[in-house]
Amino acid sequence: MARTIEEINEKIRAGSVVVFTAEEIIEVVREKGIKRASREVDVVTTGTFSPMCSSGAFINLRQEQQKMKFGGGYATLNDVPAYAGLAAADIYLGATALPEGDPRNNNGRPGRFRYGGAHVIEELAQGKKVLLNAGGYGTDCYPKKRREQMIGFEDMNEAFLFNPRNCYQNYNVAVNLSDKPIYTYMGKLKPRLGNANYCSAGQLSPLLNDPMYRTIGIGTRIFFCGTEGYVVWNGTQHNPDVPRLANGTPTAGAGTLALIGNLKDMDPKWLRAVSFTGYGVSLSVAVGLPIPILDEEMMRFVSISDAELKAPVIDYGVFYPTGEGKPKLAEVTYEELKSGTIEVNGKKVPTGSFSSYAKAKEVAGYLKSLITDGKFFMTQAVQPLPGPNHK
Amino acid sequence: MKKKKVVLTFPPSSVEDPIIYHLISDHGLKVNILRAAIDPGKLGRMVVELTGEESRLSGGTAYLERQGIGIEPLAGEIRHLEDQCTSCTACVPVCPTGALDVNRETWMVSYDADRCVVCLSCVDVCPYRAIVSHF
Ligand code: SF4
Ligand code: SF4
């Protein structure tokens, strides 16, 4: 059997499309087998909700009557510095940017990091105003040299998220072999294998359901923080060449996505600022990727369960920061991770996650309802992402 | 036998009195100190679990009140803000008592005040500030 995107969209229009989430489909395939399931099911939805540090917002500010050139000057929003090295009125606010010398952040080690770029983005999405403080050097066409005012979405021509690296396809499981507690972007890690933190939705994770990037590519429409967004490029650090299991899934962080979406349309429920004690500020975003079941191979990919997905256990005490020591302590399945304990070096280690599986289920379920209600249509990628062994 | 978890607030004047000693020896209570923040000359706070017969518990409580010590039930010392919580589970492995736990069917994280010993381990671990401590 084979199915095209146009045929699926026709069925969405007609209200006869059959959609399951990447969690539900596992049971469907177990019951019906790949052949029958791929004949009957048109789309499988995935979801993830997790901190993704490589996120930020492009903002274009409305000029006042007397214009100012931001480019080459500076701009802060609620004291958090934005990048102003663009044209006259464009700035970029990164999720991890921090206000200088702010007691909410650097109140001794390990800092609490209570406020940063992600919090500004979150407040804007909640409809709040933030304090713009900006300066330019003044030109004949842009004479104004300072601007200080409260601004919200209504003062911006555009505000969109442009996230250079989201949706990591698989990720490390972080542990700490050293003798002291450490604070990392994978959370607080207790000494001597006290705990293990992972960060992936596993069987619901977008790129783990299209492991070879057969349907996802540049131009793919996604659910992005409550609105529609798009894949614009492979994400930075996209690395399709990591070792893979026989089922096609990578055994470590591999593919990534660069995403874009209109911040003004996003739902603050799906866009949350996070503070990692001792590490910094980040932004949690929600992404749902619909996967068209073009043929039996795609059905086989989406039916891969947590038991058949593996992640590497990495020591963040010594190996990750210094590159010394054993690169990989173990390989564990997501089923093991989600059971609450994994075994590393003969020790039972309790697990916790930063990626919310509860929210991933909600995203995938919501995207499913959008498609069955005829409110979300599938796209044909303009260009595939670089796959394994690409030149 | 009854068990009661309470938060005691000591006025600066009584911080140096052997209150806990009196609770044990004069009132026959078992006292398990879960958490204490007591500096001489400052307001002290202590989370304790008191175990004993009903009558002894009320006797001990009356004694504490006579000493001007504030007694409040434990509820509210640690609050889990459900609408802020994303059920990520980051806090689950750091909670020593299972007060924070995840239902592995629904993947929802819940907080059980009865099992909390106010160790505060979870507070800095939650990236969403969904756990607040008033201790
Ligand atoms: S304070 Fe300690 S016991 Fe209470 S919920 Fe947090 S980690 Fe668990
Ligand atoms: S770490 Fe915070 S957000 Fe995550 S489950 Fe615990 S309370 Fe909820």
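The values are calculated or read from the model by the stated rules, or taken from the named source; none is laboratory data. Just so we're clear, the structure is a prediction, and the values are computed from it rather than from any experiment. Cβ sites come from the backbone with ideal geometry, for glycine too, and all protein chains shown count toward neighbours.
What the table below lists for this structure:
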| read-out | value |
| --- | --- |
| Test result for A:GLY47, in contact with a strand residue (DSSP E or B) (Cβ under 6 Å, 6 or more places away or on another chain), closer than 30 Å to A:GLU122 by Cβ, surrounded by 15 or more Cβ atoms within 10 Å (Cβ to Cβ) and within 14 Å of chain B (Cβ to nearest Cβ) | yes |
| Options A:LEU93, A:LEU98; residue that is outside any strand (DSSP E or B), crowded, with 20+ Cβ neighbours inside 10 Å and more than 14 Å from every other protein chain (Cβ to nearest Cβ) | A:LEU98 |
| Complete set of residues in region A:256-293 that are outside any strand (DSSP E or B), among the β-branched types (Val, Ile, Thr) and more than 11 Å from the chain's Cα centre (by Cα) | A:THR277, A:ILE293 |
| Residue count for region A:331-347, restricted to those that are over 23 Å from the mean Cα position of the chain (by Cα) and within 11 Å of chain B (Cβ to nearest Cβ) | 4 |
| Any hit, region B:42-63, residues being surrounded by 17 or more Cβ atoms within 10 Å (Cβ to Cβ) and within 16 Å of ligand 2 (Cβ to nearest atom) | no |
| Conditions (1) touching a residue at least 40 places away in the same chain (Cβ under 8 Å); (2) more than 12 Å from chain B (Cβ to nearest Cβ); (3) more than 30 Å from A:LYS69 (Cα to Cα): number failed by A:TYR198 | (2) |
| Whichever residue in region B:87-107 is surrounded by fewer than 16 Cβ atoms within 10 Å (Cβ to Cβ) and more than 9 Å from ligand 1 (Cβ to nearest atom) and, among such residues, is farthest from A:GLU24 (Cα to Cα) | B:ASN103 |
| Any hit, region A:107-130, residues being part of a strand (DSSP E or B) and more than 30 Å from A:PRO321 (Cβ to Cβ) | yes |
| Strands (runs of 3 or more DSSP E) within region A:21-73 that include 3 or more residues touching a Pro at 6+ places or on another chain (Cβ under 6 Å) | none |
| Residue count for region B:104-135, restricted to those that are of a type in the set (S, T, N, Q) and at the interface with another protein chain (Cβ under 9 Å from one of its Cβ atoms) | 2 |
| Residue in region B:63-70 that is away from every other protein chain (no Cβ under 13 Å), in contact with a helix residue (DSSP H, G or I) (Cβ under 8 Å, 6 or more places away or on another chain) and touching a residue at least 60 places away in the same chain (Cβ under 8 Å) present | yes |
| Subset of region B:39-75 (residues that are in a helix (DSSP H, G or I) and among the hydroxyl-bearing types (Ser, Thr, Tyr)) | B:SER55, B:SER58, B:THR61, B:TYR63 |
| Checklist (1) within 14 Å of ligand 2 (Cβ to nearest atom); (2) at pLDDT below 90; (3) not basic (Lys, Arg) applied to B:ALA75, failing item | (1) |
| Single unsatisfied condition, B:PRO93 versus (1) farther than 24 Å from B:SER25 by Cα; (2) more than 12 Å from ligand 2 (Cβ to nearest atom); (3) part of a helix (DSSP H, G or I) | (2) |
| Hits in region A:176-190 (condition: within 11 Å of chain B (Cβ to nearest Cβ) and over 18 Å from A:SER356 (Cα atoms)) | A:PRO181, A:TYR183, A:LEU189, A:LYS190 |
| Residue within region B:63-76 that is away from ligand 1 (no atom under 14 Å from the Cβ), touching a His at 6+ places or on another chain (Cβ under 9 Å) and not aliphatic (A, V, I, L, M) present | yes |
| Answer from B:SER133, B:SER121 - the residue that is surrounded by fewer than 22 Cβ atoms within 10 Å (Cβ to Cβ), under 22 Å from A:GLY278 (Cα atoms) and in contact with a helix residue (DSSP H, G or I) (Cβ under 6 Å, 6 or more places away or on another chain) | B:SER121 |
| Residues of region A:354-380 that turn out to be in contact with a helix residue (DSSP H, G or I) (Cβ under 8 Å, 6 or more places away or on another chain), crowded, with 21+ Cβ neighbours inside 10 Å and either more than 12 Å from every other protein chain (Cβ to nearest Cβ) or on the phi > 0 side of the Ramachandran plot (or both), as a count | 4 |
| Within region B:113-135, considering residues that are within 14 Å of ligand 2 (Cβ to nearest atom) and either β-branched (Val, Ile, Thr) or farther than 26 Å from A:ARG114 by Cα (or both), the one farthest from the chain's Cα centre (by Cα) | B:VAL125 |
| Where a residue in region B:111-135 is touching a residue at least 60 places away in the same chain (Cβ under 8 Å) and its partner, wherever it lies, is within 12 Å of ligand 2 (Cβ to nearest atom) and of a type in the set (A, V, I, L, M, F, W, C), with Cβ under 7 Å and at least six apart | B:VAL118/B:ILE78 |
| Flag if B:ASP101 is more than 8 Å from ligand 2 (Cβ to nearest atom), of a type in the set (Asp, Glu) and modelled with pLDDT under 95 | no |
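This table checks each residue for (1) more than 12 Å from chain B (Cβ to nearest Cβ); (2) closer than 30 Å to A:ILE34 by Cβ; (3) of a type in the set (Gly, Ala, Ser).
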site	(1), (2), (3)
A:ALA254	yes, yes, yes
A:LYS264	yes, no, no
A:SER275	no, no, yes
A:GLY280	no, no, yes
A:LEU289	yes, yes, no
A:ASP306	no, yes, no
A:GLU324	yes, no, no
A:LEU329	yes, no, no
A:THR351	no, no, no
